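Structure record follows, encoded as C-alpha cells.
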Amino acid sequence: MVFIEHKQAEVYPDPSKKPKVGLKLNKRAIITLNDINSTEEKLRIKVNKIEDTKFISYDQNAKILKFEVAHFTKYGVTDDESEEEEKKMPD
C-alpha cells in the first residue's frame, strides 16, 4: 500500500484500491525526501508546479526537501544533474 523508494513516495499504486481523497491514508501529508541535490529556488519552483503540493523547506547542507501534499499519488524529485523533471503520476 505504501511504497517509499529512492527520492519518491507512493501510496495506493493500484487505483482500484485507492480511497476517496480525505479517507484512510489518502489525505494531506508532509513528505520528506532525503539526498536531494539541488537549490532551494529550483525545488520551490518544481514542487509548486505540481498540483495540490506546497513547498515547505529545503536544507541544502543536509539535502532534505519537505513539501505538503493535499492527497496521495506518486511524488518524487530527481537531482538537477540528471536533467530530469519532477515526477508525478496521475491519480
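Results, tabulated for the structure shown:
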item: Cα-projected label distance for I45 with R28, points at 7 Å along beta-carbon direction, nm; result: 2.8
item: Inter-label distance, nm, simple model (7 Å from Cα along the C-beta direction), I4/A70; result: 2.5
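Read the figures in this text as sums done on the coordinates, not as results from a lab. What you see is a predicted model, and the numbers here were worked out from it, not measured in a lab. Neighbour counts run over all protein chains shown; Cβ positions are idealised from the backbone, glycine included.
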